[in-house]
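Worksheet: one structure, shown below.
The values are calculated or read from the model by the stated rules, or taken from the named source; none is laboratory data. Owing to the predicted nature of the structure, the values given are computational and were not obtained by experimental measurement. For neighbour counting, all protein chains shown are included, and Cβ atoms are generated from backbone atoms with ideal geometry for every residue, glycine included. Note: areas computed on protein heavy atoms with side chains; ligands, DNA, RNA excluded. Shrake-Rupley method; radii C 1.70, N 1.55, O 1.52, S 1.80 Å.
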Amino acid sequence: QDLLLVMDGWDELPSNLHVESLFQKLIAFPETLNLHLSTVVITSRPIASSDLYHCISSRVEILGFTPTEVKDYFTEVLGGESQTIQKLQNQLKERPLIAASCYLPLNAAIVCHLFRAQDYKLPTTLHELFTLLVLGCLKRHVAKQKRERERQRITSLNNLPLDLQQFFKDVCTLAYHGVMNNCVTFPLEYLKTHGLPTISETLGLMQGMESFTTLESSPSFYFLH
């Protein structure tokens, strides 16, 4: 009765485990595990939460920043420098799609980071925003390999070092398949089928974690988010 179970990342489970697994029993049939008096808290992105509606007693949605909270966040991150804050807000007024995305704290952080990194000038579209973010991750990956001269020569996704170009294409293909198949985590074997034999070939764009959905642990990977 006093047991609290927290299941973080329902949407990151393989889809087959939403139907038949220990996790599904904990949520839908706790009495079969003698846990019907316990409390289960589940976190999930909206993309997968509809699977849970029929068996939950209450739902809480994180709405993100209000416009006032976005302004407060920018003020804190930019050190209260009024001219810099005003410059950012003026640019966001000219870029309504980017401004609208800032209700998500992660996107607000990305906007602030790129605003400062790009000499206090924002890209004009969301596509350019996330392209710059990916480019920054790739540069960091190259820098970790102690290839500073090559890092400095990277100015766009079209002039990556030759040894990284095919891996980057493979990562993009993997991301496309993930979007088309509503998949956010990938087992190592799936990466290998896309030409990515180890995590190092994902160029710093993915992270790994140990999965214990079976009796043995197995690595799975997900894109930075």
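Below are the figures for this structure:
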| read-out | value |
| --- | --- |
| Among (1) open to solvent by less than 50 Å² (accessible area, probe 1.4 Å); (2) within 27 Å of M7 (Cα to Cα); (3) charged (D, E, K, R), the one test that R147 misses | (2) |
| Set R147, R140, R116: member being free of Cβ contacts under 8 Å to residues at least 60 places away in the same chain and under 23 Å from T202 (Cα atoms) | R147 |
| Of the criteria (1) open to solvent by less than 70 Å² (accessible area, probe 1.4 Å); (2) of a type in the set (S, T, Y); (3) within 28 Å of S50 (Cα to Cα), which one Y190 fails | (1) |
| Any hit, the range 9-18, residues being open to solvent by 90 Å² or more (accessible area, probe 1.4 Å) and modelled with pLDDT of 70 or more | no |
| Residue that is least open to solvent (accessible area, probe 1.4 Å) [pool: residues in the range 64-82 that are within 22 Å of F130 (Cβ to Cβ) and in a loop (DSSP other than H, G, I, E, B)] | L78 |
| Tally of residues being surrounded by 13 or more Cβ atoms within 10 Å (Cβ to Cβ), within 15 Å of T124 (Cβ to Cβ) and in contact (Cβ under 8 Å) with a residue 24 or more places away in the chain across the range 88-109 | 6 |
| The one condition in (1) over 21 Å from G204 (Cβ atoms); (2) under 21 Å from the mean Cα position of the chain (by Cα) that V111 fails to fulfil | (1) |
| Residue within the range 186-200 that is at negative phi, modelled with pLDDT of 90 or more and either in contact with a strand residue (DSSP E or B) (Cβ under 8 Å, 6 or more places away or on another chain) or among the hydroxyl-bearing types (S, T, Y) (or both) present | no |
| Which listed residue, of Q165, Q152, is without any contact (Cβ under 8 Å) to a residue 60 or more places away in the chain, touching a Lys or Arg at 6+ places or on another chain (Cβ under 9 Å), surrounded by fewer than 14 Cβ atoms within 10 Å (Cβ to Cβ) and not small (G, A, S) | Q152 |
| Residue, modelled with the lowest pLDDT, within the range 208-225, restricted to residues that are assigned to a loop (DSSP other than H, G, I, E, B) and either surrounded by 15 or more Cβ atoms within 10 Å (Cβ to Cβ) or of a type in the set (D, E) (or both) | T213 |
| Scope the range 168-204; condition part of a helix (DSSP H, G or I) and in contact (Cβ under 8 Å) with a residue 40 or more places away in the chain; matching residues | A175, G178 |
| Close pairs (7 angstrom Cβ cut-off, 6 or more residues apart or separate chains): at pLDDT 85 or above in the range 52-81, hydroxyl-bearing (S, T, Y) and surrounded by 13 or more Cβ atoms within 10 Å (Cβ to Cβ) anywhere | G64/Y103; F65/Y73; F65/Y103; V70/Y103; L78/T84 |
| Any hit, the range 24-43, residues being touching a Gly at 6+ places or on another chain (Cβ under 7 Å) and either modelled with pLDDT of 75 or more or surrounded by 10 or more Cβ atoms within 10 Å (Cβ to Cβ) (or both) | yes |
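Residue by residue, here is whether (1) in contact with a helix residue (DSSP H, G or I) (Cβ under 9 Å, 6 or more places away or on another chain); (2) part of a helix (DSSP H, G or I); (3) under 29 Å from L157 (Cβ atoms) holds:
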site	(1), (2), (3)
H54	yes, yes, no
T84	yes, yes, yes
V111	yes, yes, yes
L129	yes, yes, yes
K146	no, no, yes
